[in-house]
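Each remark here refers to the structure printed beneath this line.
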Amino acid sequence: MAPFYRLHRLMTTRPVLAALALALAVPLAPLPAAANQKDSAIFDLHLRGLRAGTLAVSGAINGSSYAASGKLQSTGILAAIKRISYDAKVSGSVSGARFTPRSYHEKADTGRRQSESVMDYRAGVPQLKVYNPPRKPEDQDIDPATQGGTVDPMTAAYAALRDVPEAEACKLNLTLFDGKRRSQVQLSNPVRQGDRITCTGEYRRLEGFSDRDMAEKTRFPFRLIYHPAQNGVLRVGEVQMDTLYGKGVLKRR
């Protein structure tokens, strides 16, 4: 939301942020490229009512360029069981309603192992430059050359959690690729309740996941709730999701 993509992975048996991006993965359609903006937000993750982590996301759009960074880390009850962290940054171009990454870098610590991934993009096609520690080829592996038009988890997280005008609320259909796995995030069906707007969302595993992951669960529904902010824009205040550990909630500070 792992941003959702990473948030979701945080909540699975193989946790890593790029998934407080299922959540932690949930992006929103961007503003026109000419509309410069800066965003920053900190979210607390609660699992079954207990604080389990924090997600910080910041980014900016300047003309036709964007840059974003994020950090996820376990806290509270989750940190007592396993310390998890995820740091990522991305830069790229934005045109109309389309983000195109140029360079993506992530470092993750699952509590059991540390990893690093670097992707550059050529004409929108990801080029996997670094993936440490190296992994033996597996049957479900995806060729990055076939993943043109996808976005990285950090781009998805920024797009999902930044401020947007009401006309852009709940409009999303993004395909993500993290160097090994392909997934999808969708937002739709805006419903107004007072001064808030709620979106129906879904994160879906598509390819590159292990047979165990696919058998475990492929679809993760969630709700994203916008609150009114200054200057007539909407701001994500809360994300409610189903995780493999039960009900999870991201709440903006």
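Does residue 169 satisfy the condition of being surrounded by 15 or more Cβ atoms within 10 Å (Cβ to Cβ) and more than 13 Å from the chain's Cα centre (by Cα)?
Considered against the rule, which asks whether it is surrounded by 15 or more Cβ atoms within 10 Å (Cβ to Cβ) and more than 13 Å from the chain's Cα centre (by Cα), residue 169 comes out as yes.
Please verify whether segment 228-237 includes one or more residues that are under 27 Å from residue 137 (Cβ atoms) and hydrophobic (A, V, I, L, M, F, W, C).
No, segment 228-237 contains no residue that is under 27 Å from residue 137 (Cβ atoms) and hydrophobic (A, V, I, L, M, F, W, C).
Please state which one of 182, 192 is touching a strand residue (DSSP E or B) at 6+ places or on another chain (Cβ under 9 Å), more than 26 Å from residue 59 (Cα to Cα) and open to solvent by 20 Å² or more (accessible area, probe 1.4 Å).
Only one candidate qualifies: 192.
Which one of these is under 16 Å from residue 171 (Cβ atoms), of a type in the set (Lys, Arg) and open to solvent by 60 Å² or more (accessible area, probe 1.4 Å): 223, 212?
Just a single option satisfies the conditions, and that option is 223.
Given the structure, is residue 158 in contact with a strand residue (DSSP E or B) (Cβ under 9 Å, 6 or more places away or on another chain), under 19 Å from residue 57 (Cβ atoms), open to solvent by less than 60 Å² (accessible area, probe 1.4 Å) and at pLDDT below 95?
Taking the combined requirement at face value, the residue satisfies it.
Please verify whether residue 138 is within 18 Å of residue 186 (Cα to Cα), surrounded by fewer than 21 Cβ atoms within 10 Å (Cβ to Cβ) and not small (Gly, Ala, Ser), treating the condition exactly as stated.
no
With a cut-off of at least 1 residues that are of a type in the set (D, E, K, R) and under 22 Å from residue 47 (Cα atoms), name the strands (runs of 3 or more DSSP E) lying wholly within segment 147-253.
Per the criteria, 196-207, 219-228, 233-243, 246-252.
The values are calculated or read from the model by the stated rules, or taken from the named source; none is laboratory data. Values in this document were obtained by computation on a predicted structure and should not be read as measured data. Note that we place each Cβ from the backbone using ideal geometry, even for glycine, and neighbour counts take in every protein chain shown. Note: areas computed on protein heavy atoms with side chains; ligands, DNA, RNA excluded. Shrake-Rupley method; radii C 1.70, N 1.55, O 1.52, S 1.80 Å.
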